[in-house]
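Novice: Have a look at this one before I ask anything.
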Amino acid sequence: MQNSYSAWSLLKGALTGQRHWTAAWRDATPKASYEVIIVGGGGHGLATAYYLAKNHGITSVAVIERGWIGGGNTGRNTTIVRSNYLYPESARLYDFSLKLYEGLSRELNFNIMLSQRALVLVAHSRHDLDAMARWANAMRMNGIEAELLSRSEVGELAPALDLSPQARLPILGGFTQRRGGTARHDAVAWGYARAASALGVDIIQNCEVVEFIKEGGSVVGVNTNRGSIRAGRVGIAAAGHSSVLAKLAGFRLPVTSYALQAMVSEPIKPVLDTVILSPGTGAYVSQSDKGEIVMGAMLDLFPSYAQRGSFAVKQAIVGATLELFPSFSRLQLMRQWAGIVDVVHDSSPIIGPTPIANLFINCGWGTGGFKAIPVGGWTLAHVLATGNSHSLAEPFQLQRFITGRLIDEAAASGIAH
Amino acid sequence: MMQIRCIHCGPRDENEFHCGGTSHMTRPGLAESDEAWGEYLFFRDNPKGLHFERWRHTFGCGQWFNVARDTVTHEIRAVYAITAPPP
């Protein structure tokens with residue numbers, strides 16, 4: 001039985017030198033078979049396992065992870081959560097996710113350090129202003145709060161921005177989603193892992209799928225470097241490596257893998273308490289609780305499975321950030337990293353069945369997977385448990401690339417790629 | 001930063017180029033099915049390893065050419081003309 005995390009347990013632990021702490025979750029060894037196997041121990045995979053157990057009562061579940069949990073894109077993002085999407089289908093999906101995030105610390109009994117510090121998008125031109133008015137209005141039509149901002153209102157929210165009229169990227173205004181913000185990425189992974197493990201889910205690390213076992217065209221398990229594991233159903237939540245797994249299973253995806261890089265400066269005193277996004281340059285900037293300035297922007301626009309990212313793009317990201325915040329110019333970069341993201345042509349996810357029976361997938365989140373962890377897990381768990389797509393996920397099926405019913409958020413919501 | 005050898009201009013920095021995605025795909029006929037068109041337009045092998053792809057020397061000669069590149073190491077194995085078959 002797990003300890004419940006609380007101020008009371010901390011106080012009680014203080015009397016015994018805090019020696020009451022136990023491992024947050026069980027590092028399991030694979031059993032011969034499970035009802036459901038989830039390939040990929042990132043946020044989406046762990047959330048899927050948790051909701052399978054919690055919402056559907058399926059506890060014979062294994063999450064198998066090639067490396068360590070949360071070590072892929074879950075540990076390689078800029079921790080931003082938001083739901084400022086344009087189309088009704090996306091708005092529903094991402095706002096459901098944000099709502100789950102809002103209750104997640106309590107739900108998981110794990111502080112995910114959600115900080116709804118407001119997402120502020122800045123406009124650099126008349127065109128940007130018009131586009132943002134349309135965007136904010138679309139959000140409100142979809143029932144998601146959004147506020148248009150004048151230049152001085154942007155300045156009140158983020159005084160460190162260069163608001164002078166002679167700025168190279170002049171700020172003419174913008175809009176905000178006040179419920180947007182950041183959450184602690186590894187707390188999300190560990191929170192889901194701990195809660196899933198407590199419900200009986202096996203989390204198996206260092207376990208790489210080398211083959212899908214098929215009988216009569218259906219997937220009935222996986223061969224891994226730690227032996228064969230049978231399963232009733234298998235779900236894939238492997239982000240940038242989705243195509244590699246799809247190839248093992250015998251189908252193709254409309255996915256291209258790119259490196260998306262981000263970086264942090266040395267920590268400084270609090271200077272920025274919102275998340276700034278400049279769609280014109282692709283730059284997004286926030287300050288972590290440790291004080292680091294977190295920067296990200298555009299993709300390295302050539303296919304890549306290398307978790308680094310090129311110097312040319314790094315220069316562009318830093319350049320764009322410094323045009324917005326000239327006062328950051330003396331900061332030193334402390335760390336830089338890249339995650340391999342699964343980009344599809346309409347920048348909308350794929351959650352549902354694959355062409356192979358008993359095999360389901362959650363992929364295609366591209367550059368925006370972190371904010372979608374709760375809903376990605378919720379909807380993949382639903383289709384794994386029931387065989388039917390969740391109503392939120394119905395528009396996001398693989399079939400849309402045949403029918404042409406795309407949900408083209410790439411162009412619509414001005415996201416950076 | 002990658003250095004890419006344009007077949008016309010010689011080696012240049014990666015930020016002079018744009019990648020145009022997978023090369024050597026054949027456009028289906030107009031009479032072909034939605035499945036065939038969907039496959040052609042959207043579905044990709046997206047290999048982890050050797051990838052044959054088109055690049056354009058946008059901020060140079062403006063010409064398209066083909067590159068055989070490893071998507072893990074970014075090593076360029078071959079550069080060849082846009083109409084040439086894969087090496």
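No value in this document is a laboratory result; all are computed from the given coordinates. As the structure is a prediction and not an experimental result, all values here were calculated from the model. All Cβ positions, even for glycine, are placed from backbone atoms using ideal geometry, and neighbour counts span all protein chains on display.
Novice: Condition first: within 19 Å of A:Asp186 (Cβ to Cβ), polar (S, T, N, Q) and at the interface with another protein chain (Cβ under 10 Å from one of its Cβ atoms). Can you find one or more residues in the range A:299-308 that meet it?
Specialist: Yes, the range A:299-308 contains a residue that is within 19 Å of A:Asp186 (Cβ to Cβ), polar (S, T, N, Q) and at the interface with another protein chain (Cβ under 10 Å from one of its Cβ atoms).
Novice: Scan the range A:362-369 and tell me whether some residue there is closer than 30 Å to A:Ala393 by Cβ, within 12 Å of chain B (Cβ to nearest Cβ) and either crowded, with 18+ Cβ neighbours inside 10 Å or of a type in the set (D, E, K, R) (or both).
Specialist: Scanning the range A:362-369, I find at least one residue that is closer than 30 Å to A:Ala393 by Cβ, within 12 Å of chain B (Cβ to nearest Cβ) and either crowded, with 18+ Cβ neighbours inside 10 Å or of a type in the set (D, E, K, R) (or both), so the answer is yes.
Novice: Here is a follow-up. Could you tell me whether the range B:4-13 includes any residue that is exposed (fewer than 14 other Cβ atoms within 10 Å of the Cβ) and at the interface with chain A (Cβ under 9 Å from one of its Cβ atoms)?
Specialist: Looking for residues that are exposed (fewer than 14 other Cβ atoms within 10 Å of the Cβ) and at the interface with chain A (Cβ under 9 Å from one of its Cβ atoms), one finds none in the range B:4-13, hence no.
Novice: Hey, another quick one. With respect to A:Arg66, is the statement that it is basic (Lys, Arg) and in contact with a strand residue (DSSP E or B) (Cβ under 7 Å, 6 or more places away or on another chain) true?
Specialist: no
So that you can scan it fast, the table gives a plain yes or no per residue for (1) of a type in the set (Val, Ile, Thr); (2) on the phi > 0 side of the Ramachandran plot:
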| residue | (1), (2) |
| --- | --- |
| A:Trp8 | no, no |
| A:Gly17 | no, yes |
| A:Thr22 | yes, no |
| A:Trp25 | no, no |
| A:Thr29 | yes, no |
| A:Ala32 | no, no |
| A:Gly42 | no, no |
| A:Thr48 | yes, no |
| A:Lys54 | no, no |
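Novice: Tally time: how many residues in the range A:215-243 are more than 14 Å from chain B (Cβ to nearest Cβ), of a type in the set (Ser, Thr, Tyr) and crowded, with 18+ Cβ neighbours inside 10 Å?
Specialist: 1
Novice: Output the residue which, of all residues in the range B:55-73 that are surrounded by fewer than 19 Cβ atoms within 10 Å (Cβ to Cβ) and assigned to a loop (DSSP other than H, G, I, E, B), is nearest to the other protein chains (Cβ to nearest Cβ).
Specialist: B:Val72
Novice: What's the number of the condition B:Ala81 fails, among (1) away from every other protein chain (no Cβ under 14 Å); (2) touching a residue at least 60 places away in the same chain (Cβ under 8 Å); (3) surrounded by 14 or more Cβ atoms within 10 Å (Cβ to Cβ)?
Specialist: B:Ala81 satisfies every listed condition except (3).
Novice: Quick check, is B:Pro47 crowded, with 18+ Cβ neighbours inside 10 Å and either within 11 Å of chain A (Cβ to nearest Cβ) or touching a residue at least 12 places away in the same chain (Cβ under 8 Å) (or both)?
Specialist: Here the answer is yes, as B:Pro47 does meet what is asked.
Novice: Which residues, taken from the range B:14-37, are more than 7 Å from chain A (Cβ to nearest Cβ), more than 12 Å from the chain's Cα centre (by Cα) and either in contact (Cβ under 8 Å) with a residue 40 or more places away in the chain or surrounded by fewer than 16 Cβ atoms within 10 Å (Cβ to Cβ) (or both)?
Specialist: Scanning the range B:14-37 gives B:Glu16, B:Thr26, B:Arg27, B:Pro28, B:Gly29, B:Leu30, B:Ala31, B:Glu32, B:Ser33, B:Ala36.
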